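Report on the following structure.
Please treat every number below as a calculation from the coordinates, not as lab data. All values reported here derive from a predicted model rather than from experimental measurement. Here the Cβ positions follow ideal geometry from the backbone for every residue, glycine too, while neighbour counts run over all protein chains shown.
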Amino acid sequence: MVNQKVAWKPVGPSNVARSGAIITIDFDVPNPPLAWDEHLGPPHQSAHTAWAMGHGFEVSDGSTELAIASVTLQATSVVLTLANPPLPMLRSPSPTPKPKTAVDSRADWFQGYRGQLRDSDELVGDDLETIEVDATNGSPVVMASQGFVRRAGHDIVTGGALPNDTIIAKHDSDDQLTLSTPWTGATGKAMLTFHHDQHNYCVHFSMPVP
């Protein structure tokens, strides 16, 4: 915005429509297509389980939680299918009645509210660094004395025998990290490259559904 004078919007909803049990939400997406972050554990697995299939989306009809059957991605849209269509909207004498049904998406870290929706921005910032670590075959833990001062949870990790989608699952200390996948190479020294996750995640929003 500063250098190129190009308007920018975060990953957020621009329009919502419903046909029966199907809700379609169009999004502003800086770097399409939309994607799910599979490393963020899906929310609502033990509480509010009506939304367990929602990847962070929630649908309510007044105070009633509407069960989500599935959520799929179509380029820059999210198609959300309810287990059952909502009941007809109750009208009021007001000339501008508000729909009862509303859709929400909440993004946060590993605890509390969170959503898995993000874009596909693969930007690598100037935090990129390669670190020599001690790795053990079959273990997700890597070590380097004071080597992880600049690292953070959810940083992307590449190198050696690691899958492409490996991240830092836990920053144990500046000396030790737990990766999202075990090291499959030989036990010993390894060169791993780290950088922050620069994907744009969906903003927290709430909007009425017609």
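Over the chain, the alpha carbon radius of gyration divided by the compact-protein estimate 2.2 N^0.38 Å works out to 1.25. Rounded to whole numbers, the Karplus 3J(HN,Hα) couplings from phi for the range 48-60 are 6, 5, 4, 9, 4, 8, x, 6, x, 7, 9, 10, 10 Hz, using 6.51 cos²θ - 1.76 cosθ + 1.60 with θ = phi - 60°, and x at Gly and Pro.
Positive end of the dipole of the chain (Cβ unit charges, origin at the Cα centre): among 123, 62, 198, the Cα lying farthest that way belongs to 62.
The residue 69 and residue 181 beta-carbon pair, evaluated with R₀ = 22 Å, returns a calculated FRET efficiency of approximately 0.10. 3J(HN,Hα) along the range 149-164: 4, 8, 9, 8, x, 6, 4, 7, 10, 9, x, x, 9, 7, x, 5 Hz, from the Karplus curve 6.51 cos²θ - 1.76 cosθ + 1.60 with θ = phi - 60°, whole Hz, x for Gly and Pro.
Summing Lys and Arg as +1 and Asp and Glu as -1 over all other residues whose Cβ lies under 15 Å from the Cβ of residue 32 gives a net charge of -3. Near residue 166, the amide H atoms lying under 5 Å from its own belong to 157; only residues 5 or more places off or on other chains count, and H is placed 1.01 Å from N.
Computing Rg and the Kirkwood Rh from the Cα coordinates of the range 129-195 gives a ratio, Rg/Rh, of 0.89. Taking amide H as placed 1.01 Å from N in the peptide plane, residue 161 has its amide H under 5 Å from the amide H of 184, 185, each at least 5 places away in sequence or on another chain. Taken about its Cα centre, the chain carries a charge dipole of about 920 debye when Lys and Arg each add +1 at the Cβ and Asp and Glu each add -1 at the Cβ. May I ask you to derive the relative contact order of the chain, considering only C-alpha pairs under 8 Å and at least 6 residues apart, and to give it as an integer percent? Across the chain, relative contact order equals 23 percent. Distances between placed amide hydrogens fall under 5 Å for residue 195 paired with 156, all partners being 5 or more residues away or on another chain. The Cβ shell under 14 Å around residue 52 holds other residues with a net charge of -1, Lys and Arg each +1, Asp and Glu each -1.
Other residues with beta-carbon under 13 Å from the beta-carbon of residue 75 carry, at +1 per Lys or Arg and -1 per Asp or Glu, a net charge of -3.
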